[in-house]
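What follows is one structure encoded as structure tokens, with my remarks underneath.
A short reminder: the numbers here are calculations on the coordinates, not readings from a lab. Just so we're clear, the structure is a prediction, and the values are computed from it rather than from any experiment. Virtual Cβ from ideal backbone geometry, glycine too; neighbours counted across all protein chains shown.
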Ligand code: SF4
């Protein structure tokens, strides 16, 4: 018996096994797994994560299967990790839909897919001046990052030139970090973007490998992983996340959280499906706010020191509980999303400040 865990707690070692106090009763740790006989002790889990232990699949499933009455304890533990790495800061991102609609791909959730019967605005790539002006507006809102997004499978030569010209001007004129999201990317294209001053590239895995075939037929999960790896190899930061609520299982959510760790995502935007009329997933129900919060906690535990952004669907899925998302997540999109609006910048600032958080400065990046 030793007394080195907490001042008032003790643990027993039996060779490879260790018993420690849980919420109710004692819990068994083995060298490679971390499970509880009766109930998860979320503070124990966050302590282990901060000590360097990597979340395993079994414990990840325990997070997603936890009960509503445990939710505040779970979020408190996720917050312990978030606060350790990011304090009380919330980084704001502004997304710019620089080219909208008529995409040849068939992502089932996306209202910009060419076959989706939606009435979203459709336009070709915006001008350099328009894109730069968007960055200037984002900076006035204290956004840390401006994210230029285009619809389509991959960037054309002409579009890449325009984006790079905009990037050079933004980096010269405006104090803001720059991310682009232009689809599948080659090594040469990644280098071109980096040379133009782009800091980060977004390409989401979206869901698990096993569920990917159910949401897209025009490209494969392996294509997405390959682009993520290309981004990392190029020296750009990788922004890589997913979309929860597309009919996937809890196991699929765990697989995504662990795959993002494996691919080395620096930043993880977690979206929640707000089914769009005219898309293949239009008839799916939204997931509950409590399931969305459990998912955010999972992604924090699995990726403790990574920027975690509560992204699209925040307002629609979390509703009155959305401020609770700031306990596992340390970043939000403000001023809305690609084809849908948000609650507005001033409401975002009120939400952040009323809970005791503050907007992160660009010097914190
Ligand atoms: S590739 Fe992007 S823009 Fe095109 S359908 Fe898929 S998510 Fe939408």
Worksheet item: Taking 1 over the mean of 1/r across every pair of different Cα atoms in the range 318-365, what Kirkwood radius in Å do you get?
Response: 11.6
Worksheet item: Using the eigenvalues of the Cα gyration tensor, what equivalent ellipsoid semi-axes result for the range 120-268 when each is taken as the square root of five times the eigenvalue, whole Å, largest first?
Response: 28, 16, 15
Worksheet, complete the sentence: Under the 7 Å Cα-to-Cβ spin-label approximation, residue 70 and residue 346 lie apart by a distance in nanometres of 4.2
Worksheet item: If one takes the longest principal axis of the Cα atoms in the chain, at what angle in degrees, from 0 to 90 and to the nearest 10, does the Cα axis of helix 289-302 lie?
Response: 80
Fill in: Rounded to 10°, Cα long-axis angle of helix 157-173 versus longest principal axis of the chain
70
Item to complete: Quote to one decimal, in nm, the extra length available between residue 262 and residue 323 on full extension: 0.36 nm per residue of separation minus the C-alpha distance between them.
Response: 19.1 nm
Discussion item. For the range 75-180, I need the span (max minus min coordinate) of the C-alpha atoms along each principal axis, in Å, sorted largest to smallest.
Written reply: 44, 37, 22
Worksheet entry | Nitroxide proxy distance, nm - points 7 Å out along Cα→Cβ at residue 83 and residue 157 | 5.5
Worksheet, complete the sentence: Cα-based Rg and Dmax for the chain, in Å, come out at 21.0, 69
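Pull out the extension gain between residue 305 and residue 124, defined as 0.36 nm times the separation in residues minus the alpha carbon to alpha carbon distance; nm, one decimal.
On the way: separation 181, 0.36 × 181 = 65.16 nm, distance 3.71 nm.
Difference between extended and current length: 61.4 nm.
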Response to the item:
For the chain, the longest principal axis of the Cα atoms and the Cα long axis of helix 250-263 enclose an angle in degrees, to the nearest 10, of 70
Worksheet item: Simple spin-label model, 7 Å along Cα-to-Cβ: residue 141 to residue 210 in nm?
Response: 3.9
Worksheet item: So how compact is the range 236-301: Cα radius of gyration and Dmax in angstrom?
Response: 12.6, 37
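Add -39500 (n - 2.57) for each DSSP H run of 4 or more in the chain, then divide by its residues: what number comes out at 222 nm, to the nearest 500 deg cm²/dmol?
Numbers: 11 runs with 128 residues, N = 365.
That calculation yields -11000 deg cm²/dmol at 222 nm.
Output the direction-averaged projected area (hull surface divided by four) of the convex hull of the alpha-carbon atoms of the range 76-130, in nm².
Values: hull surface 27.6 nm².
If I average the Cα hull's projected area over directions, I get 6.9 nm².
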